[in-house]
Structures are given as structure tokens and as C-alpha cells.
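Note sheet for the following structure.
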There are 2 protein chains.
Amino acid sequence: MNFSELIKQRQSNRSYQSKPVEQEKIEQCLEAARLAPSANNAQSWTFVVVDEPELKNRVGESVARLGMNQFVNQAPVLIAVVVEKPIFLTRLGSMVQNKDYPLIDIGIAVEHICLQAADLGLGSCIVGWFNENDIKKLLNIPRDKRLALIVALGYPKDVPREKRRKLREEVIHFNRY
Amino acid sequence: MNFSELIKQRQSNRSYQSKPVEQEKIEQCLEAARLAPSANNAQSWTFVVVDEPELKNRVGESVARLGMNQFVNQAPVLIAVVVEKPIFLTRLGSMVQNKDYPLIDIGIAVEHICLQAADLGLGSCIVGWFNENDIKKLLNIPRDKRLALIVALGYPKDVPREKRRKLREEVIHFNRY
């Protein structure tokens, strides 16, 4: 599968089989994240993989509690992505340029997980809205750290959908905005 | 090339050949970005491709002016990524969850460009530090919009490097932070 096929294959899966994910495949997804690029190679991230069923369900409940993302509980694996304090140069750049580089970097790393998952026949979904404090307590994440995203991982039950995207002309321009 | 090979292939290229990039390959990279996932499928982005040599050089100078990223001028194509106002649900989420979702999304989309480039034998580099106001003027980007990132694209001159990354144990934990 070449990359343009892979990005068509990847979709946000909102329905999962109960079949567990092989440890080796989880590790491959994490390795893809570990190798992701980041501003000044700061790698301001920690990935907490939650695969103990009881704990995973409690985390899943803290995602679903807001009435959205009920499907998360079906996924056998959740990966919580914690923002670490970046190196000085990145902090300086974030301040001067008014950009939260670690969040951009975490977007990149998490998409590496999702694309690697798709390449292995797995499904995934990035979730950004959850009860952050509850999940931090469940996973012993220090109170002063931010939890950026949760990634659900598992064998998907939902079938491939056609992607709904803006037209090329709406989002792509040449040489002038 | 499977995905784990592709992410090893992709690197931040800081030296480019003068050879131009085929239009079809530029379009493939843009299509990869267009199909990227985003929070609530908001797609809060515009990609401005700069390939007119004179204009491209002026943009390149506004990137290099701060004494860093001098290599950007060598790349035959630069892609400026503008943050668009997200849909209401994403704005609400950004506020409630204190996360700049459009920046996360742009990280994802831009990495789609870089991975697609690597799959096509191209090199790329994401640059986050530049004279934003100057580039906005050069490309007629409205003053009230933010320019998140610039991506350099071209045939690389630098050879593949070993990736320097934190150890698995430093960034990956299971079930407890």
C-alpha cells in the first residue's frame, strides 16, 4: 500500500471489535510516534498506553462522560498523550511566534500512530475532548501536566466511508492567498 | 515501502537540489494534506503554494532573515499554511478544553505533506519560525489570519541520517504515567 492509498484507508473509527490488539502491533504504533519529527527535535511528549481492561474502561468513561465519544469504551487500547515541558529554544519560539509548538508536534506524532495502525489493519480515532482531571488521576499523571489527546486503537467494526472534505479550490491556492 | 519504512525515510531536509518539483507531485502532496483528519472535520486551513521563483525567494528570505533556516531558499517550493477560523463546535472545544485544535490539525495535515513527499522521493522540512507579517504581505494573506507553518519541498541533497530520538522507556509507559 503506498502512502496515498494509506491515507484513504485511515479513517476515524467509531466502532470496534472486542478482539484484542497484538502487543507487537501496539509497539509498532508507538515506535511510529517515537520517530515523529518535532520542533527543535524537542519530543515534548509522553505516551501512556492503557490496556488493562478495568482501568481502560474507567478512562473510557471519563472520555464518554460528556455525552460524546461513547464509542471509546469499545476500543481495547487507549493511548493518552501528555504534553511535556519543551526545551528552552522551543519555549522561546512558542512565546516569540505565539504558537504552541508542542501541540503541533503531538498532532504529528499521534497521526503517525493512526497511519501506522491503518497500515497494520487496525482502526483508530483521535479524541480531544474529555474529562482531563479525572483521567490524570486514573493514570497518575502529575497535576501540572496537560493531557493533549487520547487515541483509541483496535480492530474496527465500521466499514470504510467516503471522506467528506472541502474542495481543492477552497483550501489550496498558488502564490497568492 | 510500508509505513514503518516510510517514517524512517522521511527526514527534515536542510539542503536541496535546484531540480524543480513536478507539478503532479506537488498536487499529490497537497491532496494528502486535503484528506487529513481534523477536529470535528473542521479543516481550518488554507495551503498557499509558492513556486514562482522570485516570490518564492522573497518568502524564503523572510524565513531566513532571523539567522536560522538559511537552507529554505534552496527549496524550489514553499507551502505556507494559514489557520482559518474553525467551526463553532471546534472553537467551543478549544475554549473549554484549553487546546488550540486547529494547530494540532495543521500539524497532522503538514505531516501528511511530508510523508507523501518522502513516498515520492522528495525531501521536506517544516519551519515554524519566520517573519510572519512580511510573508503575509508577500502572499496577500489577510492581516487578521495566522500563518502557522511553512513547508519547504524539493529534491533533497542531504543523505539519510540516523534519527536521534529519546529512548522508548523515556516516552512510553503502560497504564501508569
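Miscellaneous remarks
- Scanning region A:1-57 for residues being more than 30 Å from B:Gln28 (Cα to Cα), free of Cβ contacts under 8 Å to residues at least 24 places away in the same chain and of a type outside the set (Asp, Glu) gives a total of 4.
- The lone criterion from (1) within 11 Å of chain A (Cβ to nearest Cβ); (2) among the hydroxyl-bearing types (Ser, Thr, Tyr); (3) farther than 29 Å from A:Leu6 by Cα left unmet by B:Ser18 is number (1).
- Residue in region A:80-92 that is within 22 Å of B:Arg146 (Cβ to Cβ) and free of Cβ contacts under 8 Å to residues at least 12 places away in the same chain present: yes
- The combined condition, being under 30 Å from A:Glu132 (Cβ atoms) and polar (S, T, N, Q), is fulfilled by B:Ser94.
- Extreme residue, farthest from the chain's Cα centre (by Cα), among residues of region B:108-121 that are more than 8 Å from chain A (Cβ to nearest Cβ) and crowded, with 24+ Cβ neighbours inside 10 Å: B:Ala117
- Close pairs (7 angstrom Cβ cut-off, 6 or more residues apart or separate chains): at negative phi in region A:131-151, among the hydroxyl-bearing types (Ser, Thr, Tyr) and part of a helix (DSSP H, G or I) anywhere: A:Asn131/A:Ser62; A:Asp134/A:Ser62; A:Ile135/A:Ser62; A:Leu138/A:Ser62
- From A:Asp105, A:Asp119, A:Asp100, A:Asp134, residue being among the acidic types (Asp, Glu), modelled with pLDDT of 95 or more and touching a Leu at 6+ places or on another chain (Cβ under 7 Å): A:Asp119
- Residue within region A:156-175 that is within 9 Å of another protein chain (Cβ to nearest Cβ), aliphatic (A, V, I, L, M) and more than 30 Å from B:Val59 (Cα to Cα) present: no
- Any hit, region A:90-100, residues being hydroxyl-bearing (Ser, Thr, Tyr) and either touching an Asp or Glu at 6+ places or on another chain (Cβ under 7 Å) or buried (at least 18 other Cβ atoms within 10 Å of the Cβ) (or both): yes
- In region A:37-53, of all residues being farther than 25 Å from B:Cys125 by Cα and facing another protein chain (nearest Cβ under 10 Å), the one that is surrounded by the fewest Cβ atoms within 10 Å (Cβ to Cβ) corresponds to A:Glu52.
Let's see how each residue does on (1) over 26 Å from A:Glu170 (Cβ atoms); (2) modelled with pLDDT of 95 or more; (3) under 16 Å from the mean Cα position of the chain (by Cα):
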residue	(1), (2), (3)
B:Ser4	yes, yes, no
B:Gln9	yes, yes, no
B:Asn41	no, yes, no
B:Asp51	no, yes, yes
B:Glu54	yes, yes, no
B:Gln70	yes, no, no
B:Asn73	yes, no, yes
B:Pro76	no, yes, yes
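- Candidate set: region A:21-36, residues that are of a type in the set (D, E, K, R) and within 10 Å of another protein chain (Cβ to nearest Cβ); chosen: the one surrounded by the most Cβ atoms within 10 Å (Cβ to Cβ): A:Arg34
- Among (1) of a type in the set (A, V, I, L, M); (2) in a loop (DSSP other than H, G, I, E, B); (3) more than 8 Å from chain A (Cβ to nearest Cβ), the one test that B:Ile141 misses: (3)
- Screening B:Trp129 against (1) assigned to a loop (DSSP other than H, G, I, E, B); (2) at the interface with chain A (Cβ under 7 Å from one of its Cβ atoms); (3) closer than 24 Å to A:Lys166 by Cβ leaves a single unmet condition, (3).
- Evaluation of B:Gly128 against the conditions (1) without any contact (Cβ under 8 Å) to a residue 60 or more places away in the chain; (2) crowded, with 18+ Cβ neighbours inside 10 Å; (3) under 30 Å from A:Met1 (Cα atoms) shows that the sole unmet condition is (3).
The values are calculated or read from the model by the stated rules, or taken from the named source; none is laboratory data. These figures come from a predicted structure and were not determined experimentally. Note that we place each Cβ from the backbone using ideal geometry, even for glycine, and neighbour counts take in every protein chain shown.
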